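First up is the structure itself, then whatever we jot down about it.
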Amino acid sequence: VDVAARIFLRDDIWDREVSLVDKGKITEGTYRARLEWDAEELYRLLIKRLLVAESFHRLLRDRGLWRDDLKPRPGLARLDIVPPTDADWLQRVVAALVGEYMGASKKKGLTYSWIIKHLGDSRERVRPRSLLLLFATAATLQGADLQGRAPLDQERLRDALRGTVSGQAVDELREEFKSEWTLNKVWVPDMFKDHETLWPVEYRALRDWLKRRLKVEVDDVDKLIQHMINSGLLERRVARTSDKLQVPDIYLYGLGLTRKG
């Protein structure tokens, strides 16, 4: 009997721990697939969840966004309604939900891209549950529709990101990397706020501070920081006059940090 197994690994574990003779063939895609979500897929998931509510159906009809193909597809009835892969329509639906911009004008950013950018880690990856939690939390914070405006106020999205969503993302990160990012019984990201709450920070300053506080070799700190970069917690910004580290917003607030601007 032929047996096929599916193994799910983070990229950093694959790169660091897996040693196979035919690893190159797997990397080229012969036996390997990457599980990633782009903006359109993420918003289709959100809209699919919202389509269970009659109030959302009314919103789409009121805004002229209802489509005849918003119905179960032949052979896929168990999936119920599957939103179309129409980027323009998805953007218009998001604008109907929150507004086209994250403020009074486009200077504050296009809502559609702002949400994805601020939910992404340093490698621009977004977890679907973060998007769903963002909208669920924002709706709970708001409590009721705003007359004459989009159902969700942009400020409630910001509040949700800075509170529940970022906190949940850090909790998930802590569970996923609990042992790998712990030195001398301390989960190192928890120490960032003791070094500096306003980020980005100088790479060398943070590295040397962690070395002194944790009483470890500088090479150990460098390896740890690089692992955090590879895993999406830190972004390294190297310029001619500076070498800095930044934490993306999805984790920034949950770690008790703030950012310039």
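The values are calculated or read from the model by the stated rules, or taken from the named source; none is laboratory data. In this text the structure is predicted, and so the values were computed from the model without any measurement. Note that each Cβ is placed from the backbone with ideal geometry, even for glycine, and that neighbours are counted across all protein chains shown. These accessible areas exclude ligands, DNA and RNA; they are computed on the full protein's heavy atoms, side chains included. Shrake-Rupley method; radii C 1.70, N 1.55, O 1.52, S 1.80 Å.
A few remarks follow.
- Residue in the stretch 159-178 that is farther than 30 Å from residue 226 by Cβ and free of Cβ contacts under 8 Å to residues at least 24 places away in the same chain present: yes
- Residue that is modelled with the highest pLDDT, among those in the stretch 41-56 that are part of a helix (DSSP H, G or I) and either open to solvent by 70 Å² or more (accessible area, probe 1.4 Å) or touching a strand residue (DSSP E or B) at 6+ places or on another chain (Cβ under 9 Å) (or both): 41
- Exactly one residue out of 210, 141, 183 is over 20 Å from residue 123 (Cβ atoms), at pLDDT below 95 and over 21 Å from the mean Cα position of the chain (by Cα): that is 183.
- The set of residues from the stretch 71-114 being surrounded by fewer than 20 Cβ atoms within 10 Å (Cβ to Cβ), aliphatic (A, V, I, L, M) and closer than 28 Å to residue 247 by Cβ comprises just one member, 110.
- Near pairs, Cβ below 7 angstrom, 6+ apart or cross-chain, from the stretch 115-131 (open to solvent by less than 10 Å² (accessible area, probe 1.4 Å)) to any residue that is in a loop (DSSP other than H, G, I, E, B) and modelled with pLDDT of 95 or more: 119/126; 120/126; 120/248
- For the residues 38, 68, 62, the requirement of being open to solvent by 70 Å² or more (accessible area, probe 1.4 Å), under 26 Å from residue 175 (Cα atoms) and at pLDDT 65 or above singles out 38.
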